[in-house]
Ligand code: TYD
């Protein structure tokens, strides 16, 4: 009985931690009749030092990007234009976020399996990361990822 309770509590705590660390960030909106402006800065809206920015564009209809986790890298994903879904999996549960505003960012912490799908026409995904590109950072095998999360 005590064993079962301990297991449940541990699982609940793990889930709460994931939800707390994955979050929507609101960027400032400077409204102007000439057109609006939003901004992100490291250590302000972005909770880390920005080491790399890349973007995904010209995604053909029905395609998906991602399909991996990072061992230690944290990132913020912004729908600069259009919309798409960021689908996260912490090894036991899936979370779906539709991004469709250029003044929202999704903070995705390390060790979160993620893929991006349902790209609208002409959508533009901007990804801000706290590390330079390093293939060694990737976990590209979902079952290996789940195994690692179960050991954690
Ligand atoms: P990848 O991160 O696997 O794309 P996604 O997860 O969005 O589908 O990257 C695809 C290719 O692009 C990969 O072979 C390496 C290259 N790449 C870089 O050279 N630098 C980068 O910063 C990124 C993100 C990818």
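Residues in the range 19-39 include at least one that is away from the ligand (no atom under 16 Å from the Cβ), exposed (fewer than 13 other Cβ atoms within 10 Å of the Cβ) and at pLDDT below 95.
Mind checking whether some residue in the range 45-62 is at pLDDT 95 or above, within 14 Å of the ligand (Cβ to nearest atom) and farther than 29 Å from residue 28 by Cβ? Yes: the range 45-62 contains one or more residues that are at pLDDT 95 or above, within 14 Å of the ligand (Cβ to nearest atom) and farther than 29 Å from residue 28 by Cβ.
When you check residue 116 against the structure, is it within 13 Å of the ligand (Cβ to nearest atom), touching a residue at least 12 places away in the same chain (Cβ under 8 Å), in a strand (DSSP E or B) and under 12 Å from residue 74 (Cα atoms), yes or no? No, not satisfied.
List the number of the failed condition for residue 101; all other conditions in (1) more than 14 Å from the chain's Cα centre (by Cα); (2) under 19 Å from residue 148 (Cα atoms); (3) surrounded by 15 or more Cβ atoms within 10 Å (Cβ to Cβ) hold. Only one criterion is unmet by residue 101, namely (2). Counting the residues of the range 86-99 that are more than 14 Å from the ligand (Cβ to nearest atom), touching a strand residue (DSSP E or B) at 6+ places or on another chain (Cβ under 6 Å) and more than 13 Å from residue 126 (Cβ to Cβ) gives 5.
The values are calculated or read from the model by the stated rules, or taken from the named source; none is laboratory data. Computed from a predicted model, the values in this text were never measured in an experiment. FYI the Cβ positions are ideal-geometry reconstructions off the backbone, even for glycines, and counts take in every protein chain you see.
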